[in-house]
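Everything below concerns the one structure shown next.
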2 protein chains.
Amino acid sequence: MKKENISDAVIRRLPRYYRQLNSLYSSGVVRISSHSLGQEMKITASQIRQDFSCFGEFGQQGYGYNVEELRTEIGHILGVDKNHHLIMIGAGNLGHAILQNFPFSQTGFTVDAAFDVSPCVVGTYINGIPIRSMDELDDFIRIHTVDVVALTIPQHVAQEVANRLIVLGIRGFWNFTNIELSSSDPTVQFENIHFADSLLTLSYRIANR
Amino acid sequence: MKKENISDAVIRRLPRYYRQLNSLYSSGVVRISSHSLGQEMKITASQIRQDFSCFGEFGQQGYGYNVEELRTEIGHILGVDKNHHLIMIGAGNLGHAILQNFPFSQTGFTVDAAFDVSPCVVGTYINGIPIRSMDELDDFIRIHTVDVVALTIPQHVAQEVANRLIVLGIRGFWNFTNIELSSSDPTVQFENIHFADSLLTLSYRIANR
């Protein structure tokens, strides 16, 4: 059923649908119309139907969507049931905060290890996750499945560390360094968390209200 | 020149244009066509012209855009020249990381203080920014201009702290708590950094490549 070449805009709405459906499911909502779903998300019903049509038919005309089924289906499309494996490079303040607080399992990820250069943290654990030395990184990746590397390292080493990881076969990067990383290999995926874009969006809203 | 009711999608592309133009400007590029700008950003030239037309006319047909002028203009629309004032609530690992590493001044923000409940950090400085006690928060806000509050606090206190701040007159929130915050006051702006949405987008890409 799945179409090729789904636009970035549609893909980026999927996690929002998933979040909303999780929330509806937790609240005990069994069935919801595209109209009601859209109202809460500030998206039109027609947009929702168009988005979902990229992946098949999820609802029945006039009956709305079964919340639990739709949540499972969108979770499946997002790969939440794939049990992806992640490691983190950089166990400084940001890495620590994410390991401590981010609910990885809810997004279908298992964090197997974090790596750092500082002897102060190597050998310790954060939220049960071992912090290993960067010297052990290559061996670790050769032995373990690693689908995604989260980068919470200083900007000036980010591209160099990414290059090293790409050579080791890593193809997914969750990039918190606030700089654009690139690779000539089109199979490498960089997902950048741009704090600045978010703050500037807020800046626009408060400057123009 | 400015139109009302500019869509969220257009607003969210503005920081990306700004980021790209900053990068072009730093590289010494003087003039760029909408076609070339679009290629680097994976947006069509027609989309770019449509987006900019929401805010007036920035280029001259056939001559492209003057990079420095366009960067200044978009920065102005985003409020980068407004010198917004920000305080942070929560000086734990995440707050610490952001205060230490995020280039606030490049987005036109000044961070005046951070607040925390822990006596271990109250009275210390991070990157020159004083960490004050939550007991001082109300007085601080009464005396100082605060345009935005960054929330880097635990989820279970997030809505309660937001409510307290709204009563004190705060209208802009940069929310890192990974939960949705809300207010019945439509003038209150919440900008949420959803780490999960980003990781799920990456999950989709690696699951469907």
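The values are calculated or read from the model by the stated rules, or taken from the named source; none is laboratory data. These numbers come from a predicted model, not from an experiment. Glycine gets a Cβ as well: all are built from the backbone with ideal geometry, and neighbour counts include every protein chain shown.
(1) surrounded by fewer than 14 Cβ atoms within 10 Å (Cβ to Cβ); (2) of a type outside the set (Lys, Arg); (3) in contact with a strand residue (DSSP E or B) (Cβ under 7 Å, 6 or more places away or on another chain): which one isn't true of residue A:66, the others all being true?
(1)
Go through (1) farther than 28 Å from residue A:156 by Cβ; (2) surrounded by 19 or more Cβ atoms within 10 Å (Cβ to Cβ); (3) in contact with a strand residue (DSSP E or B) (Cβ under 8 Å, 6 or more places away or on another chain) one by one and return the number of the condition residue B:99 breaks.
(1)
Report yes if some residue within the range A:118-125 is on the phi < 0 side of the Ramachandran plot and in contact with a Leu (Cβ under 9 Å, 6 or more places away or on another chain); otherwise report no. Give the steps one after another, and end with the answer.
Step one: list which residues in the range A:118-125 are on the phi < 0 side of the Ramachandran plot, which gives A:118-122, A:124-125.
Next, from what is left, pick out any that are in contact with a Leu (Cβ under 9 Å, 6 or more places away or on another chain): none.
Scanning the range A:118-125, I find no residue that is on the phi < 0 side of the Ramachandran plot and in contact with a Leu (Cβ under 9 Å, 6 or more places away or on another chain), so the answer is no.
For every residue, the table says whether it meets (1) without any contact (Cβ under 8 Å) to a residue 12 or more places away in the chain; (2) hydrophobic (A, V, I, L, M, F, W, C).
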{"position": "A:135", "(1), (2)": "yes, no"}
{"position": "A:150", "(1), (2)": "no, yes"}
{"position": "A:159", "(1), (2)": "no, no"}
{"position": "A:172", "(1), (2)": "no, no"}
{"position": "A:177", "(1), (2)": "no, no"}
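Please go through the range A:155-194 and give me each residue that is surrounded by fewer than 14 Cβ atoms within 10 Å (Cβ to Cβ), more than 20 Å from the chain's Cα centre (by Cα) and at pLDDT 95 or above, ordered by number.
A:160, A:163, A:167
Are there any pairs, at least 6 apart or on different chains, whose C-beta atoms fall under 7 Å, with the first in the range B:43-59 and more than 17 Å from residue B:71 (Cβ to Cβ) and the second part of a loop (DSSP other than H, G, I, E, B) and aliphatic (A, V, I, L, M), and if so, which?
Partner pairs satisfying both residue conditions: B:54/B:6.
Conditions tested, residue by residue: (1) within 14 Å of chain A (Cβ to nearest Cβ); (2) in contact with an Asp or Glu (Cβ under 8 Å, 6 or more places away or on another chain); (3) over 28 Å from residue A:17 (Cβ atoms); (4) part of a helix (DSSP H, G or I).
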position: B:114; (1), (2), (3), (4): yes, no, yes, no
position: B:123; (1), (2), (3), (4): no, no, yes, no
position: B:141; (1), (2), (3), (4): no, no, yes, yes
position: B:156; (1), (2), (3), (4): yes, no, no, yes
position: B:187; (1), (2), (3), (4): yes, no, no, no
